[in-house]
Number of protein chains: 2
Amino acid sequence: MIATDPAPVSRKAVVIGAGPVGCLAALALAKRGFSVELYEGRPDIRLPSSKATLQRRSINLAISHRGIAALESIEPATAQRFLESAIPMRGRMIHKLSGELDSQPYDRDGQCINSIDRSLLNEGLLDEAAASPNIQVFFNHRVVAADFDDKTLAIRDTTSNTEKSTMFDLCIGADGSYSVIRRQMMRVVRMNYTQEYIRDEYLELKMPAGIDRCGEPMFLLDPNHLHIWPRHSFMLIALPNKDKTFTCTVFAPAEEFDRLHTPDSIISWFRTNFPDALHTIGEKSLVEDFMNNPRSPLICTKANPYHYKDRAIILGDAAHSMVPFYGQGLNAGLEDVRILATLLDEEGVTSMPPIYDPQNHYDRRLSNALQRYTETRHEDLIAILDLAMHNYVEMRHSVTQLSYLFRKTLDTFLYSITSPRVVALTSLIPILAKLPYPTIKPRGWLPLYTMVTFRPDISYATVQKRAATQASILTALSWIGVTGLGAAGAWLTRKIFLYYFERRW
Amino acid sequence: MIATDPAPVSRKAVVIGAGPVGCLAALALAKRGFSVELYEGRPDIRLPSSKATLQRRSINLAISHRGIAALESIEPATAQRFLESAIPMRGRMIHKLSGELDSQPYDRDGQCINSIDRSLLNEGLLDEAAASPNIQVFFNHRVVAADFDDKTLAIRDTTSNTEKSTMFDLCIGADGSYSVIRRQMMRVVRMNYTQEYIRDEYLELKMPAGIDRCGEPMFLLDPNHLHIWPRHSFMLIALPNKDKTFTCTVFAPAEEFDRLHTPDSIISWFRTNFPDALHTIGEKSLVEDFMNNPRSPLICTKANPYHYKDRAIILGDAAHSMVPFYGQGLNAGLEDVRILATLLDEEGVTSMPPIYDPQNHYDRRLSNALQRYTETRHEDLIAILDLAMHNYVEMRHSVTQLSYLFRKTLDTFLYSITSPRVVALTSLIPILAKLPYPTIKPRGWLPLYTMVTFRPDISYATVQKRAATQASILTALSWIGVTGLGAAGAWLTRKIFLYYFERRW
């Protein structure tokens, strides 16, 4: 194994999980001279044989400025390529029960989130990783056990059903919500850990493309919106795909799904709640997807610390699975890599033989970087986990409420009078990618959604604190507004009353 | 395996973990006709060879009415025997820094908690289990994997290093904080789970017996108290043992322990904070224990649900590890067994072939009993977990505060004017053991400690709600009292002022 290393002097990092976060982490370490082994338990998603098995899994996701800034900081060319293949979504399109549509832009300045094909992103990053001379990629390799004190992993090749042991200097666990690396770390780290399943589950449906006059496929809904059918205790959403189809997702409590087990009940439920979507999806396709696609749980996990000494760290879903309602899951995971890379650089970590701490016999620089990661990142991750949980209520319920729309108008108004208009996204990226960490304090009034989605220069924790302050100001202003309206109303009532009174008597 | 079953018609239960909770669960099922296999990963603690390895572990614990009522409901003779071997503790003895002692009784009616030898309790229950014709006990047997859908466990005999597979109808996980059964259940159950390490750690020390005038060993402190040296951010406690020694436990933040790594620093820390304890423990013994005994973490774990269908359930620390500050950890675990047994009886579960639910192909009665356990027990367990966490502040800090003593006096006064005096513990037990579940609503004013510790007829959740109401009344009364005192003080000041004023001028 060592013989194939490109630079024998460099240290070895193993990355577990070749999803977007794992690939980006491998690339970040390879750029810093580490010799990287990237292990993935599943087959290579780029092989045609894998595509069939992946079809039933979530296929698109929303990527926004934080994810893009992270990609940009490590793989600028790739970031630009992804943006070109993405479909920009400028706002939410609320589908009311009456069929009426309400477009709510995400940002005053027209900034967008991007609907992107998950496998396209993953495949692109895998291609980059495979092309790097410092990275070796292994598919169908599962971690069986980890000895972090001995710095070895036991890994099973599920193709040949053989087991091997591999040494490492740094182990990165990017192996998702049910992370093996996290579980193995818990044996040596006193890790606080929480996992919580929310009462809702989700199920994906395909909305086909239409045919235009020239016989070409066309979108059946506006492609530049994230479509939402909010129905208070459940909802349907739809994101556009490059092939002019939409991927729809139903989010509903398990008991709601339990009632829908016959074709008739499914169609009738859609006819009652989502009549326009039923029309575009089509009854046959709806029933087929609904009966065959899996109902998946939604889990929220929190951990702390994320690292062990100078040698192991968990990133992405392995460290923080969040509910998908802020579209920040992958963005936060990619941002993890950007922040880790920044801290490695700040602490002067290189692939050269380390400066050992004479007392503890471990690499002081690496240990400092990982320690700082846990210390600074935890607050941010808890903030976005909580914001994501909270946004579900907004998406399925609040967006239809008059009070919400009033606050949102006020919010946007305050934003427009206090903040200068920002430059367009594409010119912003190179600057964002070079941001220091921890991040700056924002100035002026900024809506919560704008800060979370379009401002990677503001940490999630700062966003949450700032949003709380702004929310209480909005509440106060709303009360003042209501009181003012009430007073005006009373004055008007009196006037009208007096007018009639004078006329009658 | 089936050939050795005492009654071939009866169904099989496997209990994992032969601690007090596991043993009691095995006995409860055996009494209901189940054929029980009890598996323990460690060697038999009754063997002389095991005793040495156990010496460094926690050796005594406080058992109170809930634990006793649970033992009584399943093994009445054993319960009485344990009580006779226990040392009653009537209250807390607060050791102030000045050396001054303050005895704070636990209960107006003189009810006590009991300091009991952990291994004595465990050995006694193991003897009972081994004597039961329906129970087979296996030591040095570890669960490797569980297939709950197939109702089989893979178990490794660590003595012969062989693996076997065993079938079950019901699997009970009583295998402690790091439960394998819980982890295996998480693969099939969407279990919410939290583990949290608190900032403090603990370390045990031995306080030797003294010698009286006749050369006989004697207690160096009052044996009928739980001794506490509260020092705000850390504390020392001591519980009496039958051999006239005390087992002391230091609870302190990890950073505090980190500073104490030389004999001098340990002695000087004790001299500053616990001068009287240093005197009774002795410098040599203190340093030896402090340097050699392990510093252990304190973990709090929460889970929900506790069961899977009609076939698996976790009890005791496997389901709820709590910090030890209410002395309720084992009591709650034993109560788990009493409540499960009550629910099994209420649902008519017997060892006879089950009544299968035609739709789901599982035993409806057993499934109902386990479902009801999760539904009713969860609220209680969360309540005691929170109360235990909160009591740490009371033990190490509040007990020394004037405001606490004022509230406590008021609390006891309200108790004495609203509640009749209760009968003595021993005559109460047979009644307590036959309590229905869920439990009754208490009447009159009852101090929190009394409800948690001496009233197994009141569920923990009811205790917590009632205590919250009482606490707000106490706060209101305290404010009225303070205001009254203030007014009286002002009146008195005025009087004195006027008196002098009149005399002088």
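The values are calculated or read from the model by the stated rules, or taken from the named source; none is laboratory data. Given the structure is predicted, the values throughout are model-derived calculations rather than measurements. Using ideal geometry, Cβ is built from the backbone for each residue, glycine included, and neighbour counts are taken over all protein chains shown.
One residue stands out among those in region A:167-217 that are aliphatic (A, V, I, L, M) and within 14 Å of another protein chain (Cβ to nearest Cβ): the one that is surrounded by the most Cβ atoms within 10 Å (Cβ to Cβ), which is A:Met185. Give me the helices (runs of 4 or more DSSP H) completely within region A:255-373, filtered to those with at least 1 residues that are among the hydrophobic types (A, V, I, L, M, F, W, C) and under 21 Å from A:Leu236 (Cβ atoms), ordered by residue number. Fully inside region A:255-373 and qualifying: A:263-273, A:275-281, A:283-292.
Restricting attention to region B:96-119, the residues that are part of a loop (DSSP other than H, G, I, E, B) and crowded, with 17+ Cβ neighbours inside 10 Å total 5. Scanning region A:189-203 for residues that are in contact with a helix residue (DSSP H, G or I) (Cβ under 8 Å, 6 or more places away or on another chain) and of a type in the set (Lys, Arg) gives a single hit, A:Arg199.
For B:Asn293, indicate whether it is surrounded by fewer than 21 Cβ atoms within 10 Å (Cβ to Cβ), modelled with pLDDT under 95 and either within 26 Å of B:Ala388 (Cβ to Cβ) or hydroxyl-bearing (Ser, Thr, Tyr) (or both). For B:Asn293, the condition - surrounded by fewer than 21 Cβ atoms within 10 Å (Cβ to Cβ), modelled with pLDDT under 95 and either within 26 Å of B:Ala388 (Cβ to Cβ) or hydroxyl-bearing (Ser, Thr, Tyr) (or both) - is met. Of the residues making up region B:259-276, at least one is within 14 Å of chain A (Cβ to nearest Cβ), out of contact with any Ser or Thr (no Cβ under 7 Å at 6 or more places or on another chain) and either of a type in the set (Asp, Glu) or without any contact (Cβ under 8 Å) to a residue 40 or more places away in the chain (or both).
Only one of these is within 29 Å of the chain's Cα centre (by Cα) and not aliphatic (A, V, I, L, M): B:Thr194, B:Thr162, B:Thr158, B:Thr166. Name it. That would be B:Thr194, the only listed residue that is within 29 Å of the chain's Cα centre (by Cα) and not aliphatic (A, V, I, L, M).
Any residue at all in region B:228-238 that is surrounded by fewer than 16 Cβ atoms within 10 Å (Cβ to Cβ) and either within 14 Å of chain A (Cβ to nearest Cβ) or under 28 Å from A:Val189 (Cα atoms) (or both)? Scanning region B:228-238 turns up at least one residue that is surrounded by fewer than 16 Cβ atoms within 10 Å (Cβ to Cβ) and either within 14 Å of chain A (Cβ to nearest Cβ) or under 28 Å from A:Val189 (Cα atoms) (or both). Scanning region B:73-86 for residues that are touching a residue at least 40 places away in the same chain (Cβ under 8 Å), crowded, with 19+ Cβ neighbours inside 10 Å and within 20 Å of B:Thr453 (Cβ to Cβ) gives B:Ser73, B:Ala79, B:Phe82.
Go through region B:255-284 and give me each residue that's loosely packed, with under 14 Cβ neighbours inside 10 Å and over 17 Å from B:Met218 (Cα atoms). Within region B:255-284, B:Glu255, B:Asp258, B:Arg259, B:His261, B:Thr262, B:Asp264, B:Ser265, B:Ser268, B:Arg271, B:Thr272, B:Lys284 meet the criteria.
Here is a yes/no grid of residues against (1) over 27 Å from A:Arg187 (Cα atoms); (2) within 14 Å of chain B (Cβ to nearest Cβ):
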{"residue": "A:Ala303", "(1), (2)": "no, yes"}
{"residue": "A:Tyr306", "(1), (2)": "no, no"}
{"residue": "A:Arg311", "(1), (2)": "no, no"}
{"residue": "A:Asp317", "(1), (2)": "no, no"}
{"residue": "A:Met322", "(1), (2)": "no, no"}
{"residue": "A:Asn331", "(1), (2)": "yes, no"}
{"residue": "A:Ala341", "(1), (2)": "no, no"}
{"residue": "A:Glu346", "(1), (2)": "yes, no"}
{"residue": "A:Thr350", "(1), (2)": "yes, no"}
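Scanning region B:468-505 for residues that are among the small types (Gly, Ala, Ser) and touching a residue at least 24 places away in the same chain (Cβ under 8 Å) returns B:Ser478, B:Gly481.
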